[in-house]
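A quick write-up on the structure given underneath.
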Amino acid sequence: MEIVQFIHSKWAYLVLIVLVLATFNALIKFFGNKEFDAKDFRLSLFTLIAMHIQLLIGIVLYFVKDYFSVIEEVGGMGEIMKNSELRNLIVEHPLTMTIAVALVTIGYSKHKKKLTSKPKFKLLAIFYTLALVLVLAKIPWNLWF
């Protein structure tokens, strides 16, 4: 269990770095009217892959930590929702991060269908920025520093 937690915690740094890079890359190149090239494609793809790996590790961690037993021990979901720390750990963090991964996936998929650079960067900028906001909102900062 500790190894899965360790991997999930450390991989999160990589995910955050590439998500920030891909988001700012898309924003800068969208507003700068730059051409979409192979580096942009690779960066957005690597961000997608890194986030999906993090999601899979998180899902494994969710089951390895057996949060379902925790829910039973505290008296059900009603009690979980009353406890802000448990609510964040068991409900808010996993749900928000899953939505962030979905946003990156949608943005990546939609950008591939566009034929010119401006619309490609626009879609990546919109969806990756939304994902970044969600990720930043739900990173357990107290555990990071």
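Every read-out reported here was derived from the displayed coordinates using simple, explicitly stated rules and does not represent laboratory data. What you are looking at is a predicted structure, and each value in this text was computed from that prediction instead of being measured. Here Cβ is always computed from backbone atoms with ideal geometry, including for glycine, and neighbour counts include all displayed protein chains.
List of remarks:
- By the compact-protein rule of thumb, 2.2 N^0.38 Å, the alpha-carbon radius of gyration of the stretch 16-98 corresponds to a ratio of 1.56.
- Gaussian network model of the chain, Cα within-10 Å springs - most flexible of 112, 120, 39: 39
- Based on alpha carbons, the Rg and Dmax found for the stretch 2-144 are 17.2, 56 Å.
- Taking the chain as the region of interest, the number of lysine pairs whose Cα atoms are within less than 17 Å, with members eight or more places apart or on different chains, is 24.
- Alpha carbon convex hull of the stretch 87-145, projected area averaged over orientations, nm²: 4.3
- Separation in nanometres of the label points that stand 7 Å from Cα toward Cβ, at residue 95 and residue 31: 3.3
- Scanning the chain for DSSP H helices at least 15 Å long along the axis (C-alpha atoms) with a Kyte-Doolittle mean no lower than 0.0 picks out 2-31, 38-64, 93-112, 117-138.
- As a rough footprinting exposure proxy, the listed residues 143, 124 were ranked by other beta carbons within 10 Å of their own, and the order from fewest upward is 143, 124.
- Just checking the listed ones, 133, 104, 18: in the Gaussian network model of the chain with Cα springs under 10 Å, the one fluctuating most is 133.
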